[in-house]
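First up is the structure itself, then whatever we jot down about it.
Quick note: the coordinates plus some simple rules give every number you see, no bench work behind them. Since we're looking at a predicted model, the values are computed, not measured. Don't worry about glycine lacking a Cβ; one is built from the backbone with ideal geometry, like all the others, and counts go over all protein chains shown.
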Amino acid sequence: MRAAVNTSYGSPEVVRIRDVPKPQPKANEVLVRVHASTVNRTDCGTLWAHPFFIRGFTGLVRPTHTIRGMDFAGTIESVGAGVTSFRPGDRVFGLAPNDSGGHAEYLAVPEQDAMATIPEGVPFDEAVVCEGAWYADSNLRQFGLKPGQTVLIYGASGAIGTAAVQLAKSYGAEVTAVVATRHLELARSLGADRVIDYTAEDFTAIGETFDFVFDSVGKTSYFRCRKLLRPEGTFAATDLGPGGQNIWLTWWSAIRHNNRVIFAMPQPRKPFVDFLRARMAAGEFRAVVDRHYPLDAVVEAYRYVLTGQKTGIVVIDVVAEGESA
Ligand SMILES: NC(=O)c1ccc[n+]([C@@H]2O[C@H](COP(=O)([O-])OP(=O)(O)OC[C@H]3O[C@@H](n4cnc5c(N)ncnc54)[C@H](OP(=O)(O)O)[C@@H]3O)[C@@H](O)[C@H]2O)c1
């Protein structure tokens, strides 16, 4: 099968399209014919091995898993002898085992892993949304967002931010989204109750306070946002912040038992994918697709994602349009 392979860490140029052996599913696994994947910020992080400490998980000197692609959507081609909950022909999506393997024509996935059937009517390229949505949901859940609470989502145009707006609305929260001018309409269409253009207005000077302020793009800081917090309010971010301050602030908040700053731990993957499937089926969640690249152009896709300018997700078409699976 064809796959995008990186046997060393580095810039997108280390990725090569190669023929590699097709995975053989074990008794508890299904074999997925991958139609679509994404290049996302996690794939970029593991490609570069950035930050350095992630080598403790991904391989100290070189990557243990050499095919990137955390998101996948495709059709089940065959199932192992012990598989009971999926059948050949099922359309499925999810988070790939070890966050890797989606940039290939086939992927073996354990039946109990983070995988669910794609709701009827949702195309493959709109089902590869798990990475950003998972981080968004992990933050909202760790905070414990409740109906009627107010949340400000900074950077609501990225993969995490577009998901966070929709999921926060599905939890019944009142959402203020902060984006650039070009994304104002998008944020409104995703359900934001109020939108703020960060290029035209200082969002920290609006004179309002919130239960939860979520920096979904890692571009602001607790010290800038603290005046937006209610007395019991919480700040969370997707990045470590300058000097890793979000980690220190989280520890300080834990010592003081005040939940002022949290750094979300990833929530269990399988329940999350089932939850996202339900939101998609209910029409409460949709993918925001910026652009598509064929698998052959995966290096170009990395270069684009690394600009930090994508809107929502960047899809990799593993099966070209019109090509049969
Ligand atoms: N290390 C990892 O493994 C890892 C994994 C996942 C996520 N993350 C972190 O999580 C963050 C979000 O990930 P993502 O995938 O959602 O990001 P993303 O999709 O790449 O975010 C891009 C969006 O952010 C907006 N943006 C850029 N600069 C901004 C600013 N100063 N203020 C507000 N918006 C801005 C861009 O639009 P405009 O420029 O037009 O505003 C663009 O729409 C990233 O910073 C990433 O570092 C890290």
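If a residue has to be part of a loop (DSSP other than H, G, I, E, B) and closer than 28 Å to Ile118 by Cα to count, how many in segment 15-34 make the cut? Step through it out loud before you land on a result.
Filtering segment 15-34 down to residues part of a loop (DSSP other than H, G, I, E, B) leaves 15, 20-28.
Within this subset, residues satisfying the condition of being closer than 28 Å to Ile118 by Cα are 20-28.
Looking only at that region, the number is 9.
Taken together, the residues in segment 275-304 that are assigned to a helix (DSSP H, G or I), within 15 Å of the ligand (Cβ to nearest atom) and surrounded by fewer than 23 Cβ atoms within 10 Å (Cβ to Cβ) amount to 2. Out of the residues in segment 242-268 that are hydrophobic (A, V, I, L, M, F, W, C) and more than 12 Å from Gln142 (Cα to Cα), state the one that is surrounded by the fewest Cβ atoms within 10 Å (Cβ to Cβ). The residue in question is Ile255. Across segment 235-249, not a single residue is classified as closer than 27 Å to Leu95 by Cα, in contact with a Cys (Cβ under 9 Å, 6 or more places away or on another chain) and of a type in the set (Asp, Glu).
Scanning segment 35-55 for residues that are touching a Ser or Thr at 6+ places or on another chain (Cβ under 9 Å) and in a strand (DSSP E or B) turns up just one, His35.
Being surrounded by fewer than 24 Cβ atoms within 10 Å (Cβ to Cβ), of a type outside the set (Gly, Ala, Ser) and in contact with a strand residue (DSSP E or B) (Cβ under 8 Å, 6 or more places away or on another chain), is that true of even one residue in segment 147-156? Scanning segment 147-156 turns up at least one residue that is surrounded by fewer than 24 Cβ atoms within 10 Å (Cβ to Cβ), of a type outside the set (Gly, Ala, Ser) and in contact with a strand residue (DSSP E or B) (Cβ under 8 Å, 6 or more places away or on another chain).
Scanning segment 289-317 for residues that are touching a Gly at 6+ places or on another chain (Cβ under 8 Å) and under 10 Å from Asp125 (Cα atoms) gives Val289, Ile313, Ile316. Of all the criteria given as (1) part of a helix (DSSP H, G or I); (2) over 26 Å from Pro110 (Cα atoms); (3) away from the ligand (no atom under 16 Å from the Cβ), the one not satisfied by Asn258 is (1).
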